1. Give the residue that is farthest from the other protein chains (Cβ to nearest Cβ), with candidates limited to residues of segment A:322-332 that are of a type in the set (A, V, I, L, M) and either part of a loop (DSSP other than H, G, I, E, B) or open to solvent by less than 10 Å² (accessible area, probe 1.4 Å) (or both).
2. Out of segment A:312-321, which residues are within 10 Å of A:Leu356 (Cα to Cα) and either small (Gly, Ala, Ser) or within 11 Å of another protein chain (Cβ to nearest Cβ) (or both)?
3. Restricting attention to segment B:186-193, does a residue exist that is of a type in the set (Lys, Arg) and surrounded by 19 or more Cβ atoms within 10 Å (Cβ to Cβ)?
4. With A:Glu273, A:Glu292 as the choices, which residue is surrounded by fewer than 24 Cβ atoms within 10 Å (Cβ to Cβ), on the phi < 0 side of the Ramachandran plot and either modelled with pLDDT of 95 or more or within 14 Å of chain B (Cβ to nearest Cβ) (or both)?
5. Being under 28 Å from B:Glu402 (Cβ atoms), small (Gly, Ala, Ser) and in contact with a helix residue (DSSP H, G or I) (Cβ under 7 Å, 6 or more places away or on another chain) is true for just one of A:Gly371, A:Gly319. Which residue is that?
6. A:Met358 versus (1) under 23 Å from B:Thr289 (Cα atoms); (2) within 12 Å of chain B (Cβ to nearest Cβ); (3) not acidic (Asp, Glu): which is the lone unmet condition?
7. What about B:Gly308, is it open to solvent by less than 10 Å² (accessible area, probe 1.4 Å) and at pLDDT 95 or above?
8. For segment A:276-289, which positions are surrounded by 24 or more Cβ atoms within 10 Å (Cβ to Cβ) and either within 14 Å of chain B (Cβ to nearest Cβ) or over 17 Å from A:Gly362 (Cα atoms) (or both)?
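The values are calculated or read from the model by the stated rules, or taken from the named source; none is laboratory data. These figures come from a predicted structure and were not determined experimentally. Here Cβ is always computed from backbone atoms with ideal geometry, including for glycine, and neighbour counts include all displayed protein chains. Each accessible area value is taken on the protein alone, full model and side chains, heavy atoms only, with ligands, DNA and RNA left out. Shrake-Rupley method; radii C 1.70, N 1.55, O 1.52, S 1.80 Å.
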There are 2 protein chains.
Amino acid sequence: MNETFALRGLIIDTPDIGAVRARQGFLVCEDGKVAGFFGALPGRYAGIPVADCGEHLILPGMSDLHLHAPQYSYCGTAMDLQLIDWLERYTYPEEARFADPEHARAYYAVFTRDLLHTATTRAAIFATLHTDATLELMRQLDQSGLGAFVGKLSMDRNCPKDYSEHTPENGEAETRRWLEACREAGFARVHPILTPRFTPSVSDAYMEKLGQLAREYGVPMQSHLSESLSEIEWVKSLCPDAKTYADTYARCGLFGGDCPTIMAHCIYCPEEENRMMKDGHVFIAHCPTSNENVIAGIAPAARYLRQGYEIGLGSDVAGGHTLDLFAVMAAAVQVSKLRWCCVDPGEKPLTLPEALYMATAGGGRFFGKVGLFEPGYAFDAVVIDDSANRNLRVFSPMERIERCAYLGGAKVAAKFVDGRKVL
Amino acid sequence: MNETFALRGLIIDTPDIGAVRARQGFLVCEDGKVAGFFGALPGRYAGIPVADCGEHLILPGMSDLHLHAPQYSYCGTAMDLQLIDWLERYTYPEEARFADPEHARAYYAVFTRDLLHTATTRAAIFATLHTDATLELMRQLDQSGLGAFVGKLSMDRNCPKDYSEHTPENGEAETRRWLEACREAGFARVHPILTPRFTPSVSDAYMEKLGQLAREYGVPMQSHLSESLSEIEWVKSLCPDAKTYADTYARCGLFGGDCPTIMAHCIYCPEEENRMMKDGHVFIAHCPTSNENVIAGIAPAARYLRQGYEIGLGSDVAGGHTLDLFAVMAAAVQVSKLRWCCVDPGEKPLTLPEALYMATAGGGRFFGKVGLFEPGYAFDAVVIDDSANRNLRVFSPMERIERCAYLGGAKVAAKFVDGRKVL
């Protein structure tokens, strides 16, 4: 961990929204942090190990702000179903199977292995209702060296009888048991995050208790917000006293400010919710592949990004069909073009540099100083072998990243989290 | 060619729109055609060679109804540019380079190799203005064993000075030289198709001459139609006498009927054009990845398909970013969901079985009896190794195809065109 070393090669990051910086030289790691970029290695670093990355691309590790680990096993299937059928026929039965520790161990091993081989170094993850299975996932992720916030799901209403916490009291007790176990476990880079599935699944009383636990344990929260118009109507009927959907979280102290928060989707937020998100520094997890698959709509991500909201990308597996944030970057550009064309001609589409910013610096901010190659940032880096995308043409660094996004073909040749080589 | 043989394994096709047939057994090839499917091999076939395809998927070869071969080298780049910038900075300069036979030979070799490794067995392809380079592409495709219609591009107005045929007379002479050369070449499965780029690029006089050539040589035609509203306005101003955009082709005898025709895109066709397409059995090349990338709109493909139009899928490389029709199938479902959600709630989204139908049986009809495993159809088959998509879950045949579409991971283990093994 404390070793000082350097990567040598083509080093690319996004110092600002829409700006791409591609530099040939040395990226030095000291104590798990970026010590600096140098065109030539300064004398004080003479003799440190240098890994020559040759023709590969060196990018900041990506941050996936929203995904459901137990859904990974069926991702890319059942895409023709509409949301309710999809939940009832695939999601709930699959998630319920994680009551079995053996199932959890085996399925999360596949998930963790596959996540490790993507460009993602940090992720905010929904698990299931099961404390033990969630701890199993956290253990596996921590052993892999990845950084993550992982949430035992909370759900006590509008869910199947055999996949519910049934009462606020039971939900609180189980959540507390889980938070205590996390304290004892002492994971290195994996932390708990409170995870009410979304307001329709969590009673007012349980939400209130989650707010108390957030304060008591000092933990962040993640959930879904304003993904579809019917969902917003449903929340209105379930919580007639709340001013907005966001208020169902905020009135319990679960919407930014002292409680760092990620809200997935945010497709149809009214201005009042937008103001609350901006004031509370709530992170928006923009999930463009999910926008393509779930028939809910297209989030105004370009506007959020350009107006200074906290926003990153989420794969939203398995509403999204892939863990690969390169593919999610391309989808972000694509759906924003369709939004411009079919919904809102007032906001120009996202560009790929903007999508890269969201995947790295934008989402990374939820995890601290993550996602940039600036001194003091976590040394999270991925070395990308894109030789599968080569042809007779010469491509610029940004064109190479674009081809990784649109064509795939980005093989992760090496990966570092906090300076530790995890792949 | 005349060998009788069988493939044994999981044989899947789409006998009707939206219907998927998955059968375990033997698919027999006689004289390059499908002789039949058999659960057990009949006595009359005792002793014929049987290739056991094990766990692989056996699908009809796919037909790509629209793609630009010279653009392949930069596909997946420059996606942030808008159409005119993209044409001027990437497309025209790259296409112009095919004046150099060495360039054409080298670049088309990469294209042909990569197309051969996809699930596509038949394609309708735009080349460049250059007769010799177009013949080179046709030679390479024919040698690969793939089936194709390939078009020397026609363009005499609204194009760069150094990439133009300049006059109708010059264009006609060059097109005739090319058609004569095709006759002499005697390609096995590769044929010429007249290819006015689109009405804005082809003067009325040149279009008229192309119509005469179509009749004289009995060749089909392909072009673009009603991709964007500004394009439609442009055509109106260029051809004030034409009743519709489609009429600029039809009045020259280049719109179905005796002249088999493919029209790419068809996003904003008025009812009059739709009627002409249906009456003339014009094939619509639906290009969903292009819809995502080019900011033109989303074609009403579900409506066309369900109302009995001739419709297949096109990769539209390089407006589309991939040759892989599995990925194009997923995009077809995705953009039709966004169309349903954001543009037209009156037409339910495409399903993956419908997309598979378009990729195989739907587009295949342009090439004859192609795209189904029924007796008398061309024995066009791809054997798909999807083991990269395996996990602990058991997937149905259709779920496996769906994962190939959404996740990639479909490796073409073997490929047959007219019963000839080409891979």
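1. Per the criteria, the residue is A:Leu325.
2. If we filter segment A:312-321 for residues that are within 10 Å of A:Leu356 (Cα to Cα), which is where we start, we get A:312-313.
Result: A:Gly312, single match.
3. yes
4. A:Glu273
5. So the residue among A:Gly371, A:Gly319 that is under 28 Å from B:Glu402 (Cβ atoms), small (Gly, Ala, Ser) and in contact with a helix residue (DSSP H, G or I) (Cβ under 7 Å, 6 or more places away or on another chain) is A:Gly319.
6. (2)
7. no
8. The answer is A:Cys287, A:Pro288, A:Thr289.
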